[in-house]
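The values are calculated or read from the model by the stated rules, or taken from the named source; none is laboratory data. Note that the structure is a prediction, hence the values are computed from the model and not measured. No Cβ is skipped: glycine too gets one built from the backbone with ideal geometry, and neighbour counts run over all protein chains shown. Note: areas computed on protein heavy atoms with side chains; ligands, DNA, RNA excluded. Shrake-Rupley method; radii C 1.70, N 1.55, O 1.52, S 1.80 Å.
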There are 4 protein chains.
Amino acid sequence: MCRFLAYAGDPILLEELVCKPSHSLVKQSLSAVQARTVTNGDGFGIGWYGERPEPGIYHEVMPAWSDENLLSRCANVRSRLFLAHVRAATGGGIARQNCHPFHHGRYMLIHNGQIGGYARLRRQLESQLPDALFEHRRGATDSELLFLLIVQQLQAGMPAPEALRRVLASTHAAMQQAGIAEPLRFAAALTDGDTLWAIRWASDDQPPSLYTKPQAGGWAIASEPLGDDSEHWTPLAPGEMVRVWRGEMERVGAG
Amino acid sequence: MCRFLAYAGDPILLEELVCKPSHSLVKQSLSAVQARTVTNGDGFGIGWYGERPEPGIYHEVMPAWSDENLLSRCANVRSRLFLAHVRAATGGGIARQNCHPFHHGRYMLIHNGQIGGYARLRRQLESQLPDALFEHRRGATDSELLFLLIVQQLQAGMPAPEALRRVLASTHAAMQQAGIAEPLRFAAALTDGDTLWAIRWASDDQPPSLYTKPQAGGWAIASEPLGDDSEHWTPLAPGEMVRVWRGEMERVGAG
Amino acid sequence: MCRFLAYAGDPILLEELVCKPSHSLVKQSLSAVQARTVTNGDGFGIGWYGERPEPGIYHEVMPAWSDENLLSRCANVRSRLFLAHVRAATGGGIARQNCHPFHHGRYMLIHNGQIGGYARLRRQLESQLPDALFEHRRGATDSELLFLLIVQQLQAGMPAPEALRRVLASTHAAMQQAGIAEPLRFAAALTDGDTLWAIRWASDDQPPSLYTKPQAGGWAIASEPLGDDSEHWTPLAPGEMVRVWRGEMERVGAG
Amino acid sequence: MCRFLAYAGDPILLEELVCKPSHSLVKQSLSAVQARTVTNGDGFGIGWYGERPEPGIYHEVMPAWSDENLLSRCANVRSRLFLAHVRAATGGGIARQNCHPFHHGRYMLIHNGQIGGYARLRRQLESQLPDALFEHRRGATDSELLFLLIVQQLQAGMPAPEALRRVLASTHAAMQQAGIAEPLRFAAALTDGDTLWAIRWASDDQPPSLYTKPQAGGWAIASEPLGDDSEHWTPLAPGEMVRVWRGEMERVGAG
């Protein structure tokens, strides 16, 4: 499993959430509390929007806790919308290509969870992608594949919440058809550079943890509370999806 | 393009070919002479057979010329059969998973060349692999894919020379069917830990360079001569394949 | 030797100089023209000033030409003053700690050249540093040491041009005293986040190359011209030092 | 702090101790039990003797748990004497140059502990080294410095136990003279490729843990037991030093 955070609101220095809090994402890379794996040291990534429609991306295979580049970048980049992720590899190998966020054009995704029985389903799911998207497949993870499947729906004009639900449903259906008993789990944040969506979902009753908190004229969303302020963090209910836009968060549809 | 070398013969320290010659593979990583790219600094790999049937493998994304681990390893590992490769990435990203040699069980391959129009053919070629082999696909390169297609034939009992020819023919046929005009080029060394095969082939008239030279009770095979001894290196003819076994090299079939 | 560039002027995206020109610094990392070493693939670094007095820093041991993080960062960071450097290691090993720019507080330096006989002089020069500065010594290069010696003078209130001349003179004197015949060579750019100084100097008649060119309401300074526009780049004379401040460049003192 | 192991005895595959035990060194890199830091993910290193007097060395900044090169190497290299170390950085930065084992000629050292107030003492201690040894200083750690100080004594003909005691005493004296209250702690293994010495020492009453166990015609020495066989591991007493030679372990002198 992994740990992540997303932010949308007034422009803030990345370090405000990534590095400085007492239980920041960097600290979670060394010792997560609510994750199935304590150590999330198999690489990390951040993506942020600046003055361009496409995000800037930084992927690294080193543990987040020991990367001075990350500290320096987070102290010097200010953004109104960014995603950050520390990885505990469950498959796909240690490589920058397997680090989150995954991005395509203006879209970005970070994910915590997995496709049960992925090895058996991978080619079937990949075959659903159009050539133009498959060519952007760079790594080997189930997360990147889910992202490209979602982008496919977005490019076809489907709204993001529907695209997320559609891909989860079709992936789960494919798993069932293949007789896979392991669950599909999906806590994630998706953005187009303007709106931020987050979802906490699983095909069983154990969706990965996900919390929200008002922050700097906007909202922070994280796998676990970033500080000693647990009381200010609200867990998403299983199946719940939220949307952050222009500083406001609202619930989107039902599980 | 890339540069590689293969050796089969009396056990020698890897450094005898990888590091010490005046135009060693390490030096070729910085300045190759007969390659389309002078610099082959996008990672490297070595694989060698010791006391086990499966090879030891070392993959690294750093340039070979600056990796002290490589020097130390080559000065301390002695082997009767090894492959080494320095990479100039043409696709697939910089990652250990995209470094040669590719290996599966006791088989290993190093490759210089490419599948023309690979991005369009990748899924079609991947779909030909059985699940058990596809699960071993770790990177994104055409070289790894060709290797797994060859292993598929070897596992089905086909002799290596036939497996190589078969996969090249079927891949080229798929390229033609897809209307791809770019060539398939394939200079490679393949081994099962006992016999070493090398082939210099292309669907057009420009196969990558490949040379052989008697060495220490066996044979060295390399993309370009390793020293000032060009006169002792014999180029393979276009389409030619050779086999090294028990210190003897012989030509295998026709182009 | 190495290649570098410095810029001070209107805020521009880093990519305008680092990545986009036909002979950009990234391209020089693979094939420099005027350097003693064609390949500068032993790591790189960039430092840029944003909204803080201290610069943001990115150091990486991978070659610049293959680092996607670098491209993404340069496409998304805009700065009014930045330094960038690609390294061809002459000593000190491949490590982030040995990558330029070196920085301390608001000061930053990039350097091309070397202290002749450095190994014999290193401790003597290090012993001149006060504890507080020596504790910031992180790597093993002569460049970092020269930087800290310069910072020592700057912290004592000496103007930058004088500090540069002073440290070069005292270092050269120490070399002569030790009977070192090899030259001291020093093409460099130094900044306090406000003013940019550049110098082309050597104790013999072969100072490393250094050029200037008006650029976007300011000036670019580079080891060699960045594009097909050689006619717009003016070489510094041996011994020459320049200063860029508020968009204007002027010559500072004599060699 | 860090975790390490040393072995001297009949030639065994490195994996027998490094990777395979239920609480192997690779597993300790992710979750040490008796260390002050649970995670030892700031790089690692192994050194082993083969057919040459100098050891082969492998240093890597990645965490040991995620490095496939390490697994492959350990499965394919057999040695009669080797050292392995996983690092939790306390100073000196993440770099291969700061990874243990440190080596010089046929000597090698791994260390767990630290010099209290090292930043203030570093130059003074470095100044004690002769030029020829100081030139071999590659990183910035206190461990490497202690190693070179020990090598200095060994090269002068002092027996290893005496050299260890001498350097610890003089370093501690220098600390006291400088008014440093923090302790000097030193659990270490030292070898000349023939004999293996291990010591558990501290200037206070908290020396880092160190255990021994008979293994394969020889002895394993480790920071903590490698498996579920704690009852077979004997802790060294504080101050105790042992020597392994020709398969026999004996106590060397007093604390």
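Things to note:
- Answer residue from region C:97-107, given it is without any contact (Cβ under 8 Å) to a residue 60 or more places away in the chain and part of a strand (DSSP E or B) and is nearest to C:E224 (Cα to Cα) among those: C:F102
- Scanning region D:7-25 finds no residues that are at the interface with another protein chain (Cβ under 10 Å from one of its Cβ atoms) and hydroxyl-bearing (S, T, Y).
- Boolean, C:C99 is in contact with a Lys or Arg (Cβ under 9 Å, 6 or more places away or on another chain) and at pLDDT 95 or above: yes
- The listed residues are C:L81, C:L71, C:L149, C:L129, and the only one of them that is among the aliphatic types (A, V, I, L, M) and in contact with a strand residue (DSSP E or B) (Cβ under 9 Å, 6 or more places away or on another chain) turns out to be C:L81.
- Taken as a whole, the structure leaves D:S22 outside the set of residues that are under 20 Å from A:K27 (Cα atoms) and of a type outside the set (V, I, T).
- For region B:221-255, a residue qualifies if it is touching a residue at least 24 places away in the same chain (Cβ under 8 Å), in contact with a Gly (Cβ under 8 Å, 6 or more places away or on another chain) and at negative phi, and the qualifying residues are B:A237, B:P238, B:E240, B:M241, B:V244, B:G255.
- Within region D:92-106, the residues that satisfy the criterion of being hydrophobic (A, V, I, L, M, F, W, C) and more than 11 Å from chain B (Cβ to nearest Cβ) are D:I94, D:A95, D:F102.
- All of (1) touching a Pro at 6+ places or on another chain (Cβ under 7 Å); (2) open to solvent by 20 Å² or more (accessible area, probe 1.4 Å); (3) not in a loop (DSSP other than H, G, I, E, B) hold for B:H23 with one exception: (3).
So that you can scan it fast, the table gives a plain yes or no per residue for (1) modelled with pLDDT of 95 or more; (2) under 16 Å from the mean Cα position of the chain (by Cα); (3) not polar (S, T, N, Q):
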residue	(1), (2), (3)
A:A160	yes, yes, yes
A:Q176	yes, no, no
A:P207	yes, yes, yes
A:Y211	yes, yes, yes
A:A220	yes, yes, yes
A:S230	no, no, no
A:W233	yes, no, yes
A:L236	yes, yes, yes
A:R243	yes, yes, yes
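- Residues in region A:61-70 that are within 9 Å of chain C (Cβ to nearest Cβ) and open to solvent by less than 10 Å² (accessible area, probe 1.4 Å): A:N69 alone.
- Pairing each residue of region C:156-174 that is over 17 Å from C:R122 (Cβ atoms) with any residue that is in a helix (DSSP H, G or I), provided the two are 6+ apart or on different chains, yields C-beta distances under 7 Å for C:M158/C:R166; C:A160/C:L154; C:A163/C:I150; C:A163/C:Q153; C:A163/C:L154; C:L164/C:I150; C:R166/C:Q153.
- Among the residues of region C:116-140, those identified as within 23 Å of D:Q128 (Cβ to Cβ) and open to solvent by less than 20 Å² (accessible area, probe 1.4 Å) are C:G117, C:L121, C:R122, C:L125, C:E126, C:L129, C:L133, C:F134, C:R137, C:G139, C:A140.
- Extreme residue, farthest from the other protein chains (Cβ to nearest Cβ), among residues of region C:71-91 that are open to solvent by less than 10 Å² (accessible area, probe 1.4 Å) and in contact with a helix residue (DSSP H, G or I) (Cβ under 6 Å, 6 or more places away or on another chain): C:A84
- Counted residues, region D:33-52 - those being open to solvent by less than 10 Å² (accessible area, probe 1.4 Å) and more than 7 Å from every other protein chain (Cβ to nearest Cβ): 8
- Taken as a whole, the condition of being more than 8 Å from chain D (Cβ to nearest Cβ) and either closer than 18 Å to C:S29 by Cα or in contact (Cβ under 8 Å) with a residue 60 or more places away in the chain (or both) does not apply to B:P55.
- Test: residue in region A:97-107 that is touching an Asp or Glu at 6+ places or on another chain (Cβ under 7 Å), under 26 Å from B:R123 (Cβ atoms) and surrounded by fewer than 19 Cβ atoms within 10 Å (Cβ to Cβ): yes
- Inclusion of B:A89 among residues that are under 13 Å from D:I57 (Cα atoms) and either outside any loop (DSSP other than H, G, I, E, B) or not charged (D, E, K, R) (or both) is not warranted.
- Listing of strands (runs of 3 or more DSSP E) fully contained in region C:166-235 that carry 2 or more residues being within 22 Å of C:L145 (Cα to Cα) and open to solvent by 30 Å² or more (accessible area, probe 1.4 Å): C:196-202
- The sole residue among D:I94, D:I12, D:I110 that is outside any helix (DSSP H, G or I), within 24 Å of B:D67 (Cα to Cα) and either modelled with pLDDT of 95 or more or open to solvent by less than 20 Å² (accessible area, probe 1.4 Å) (or both) is D:I110.
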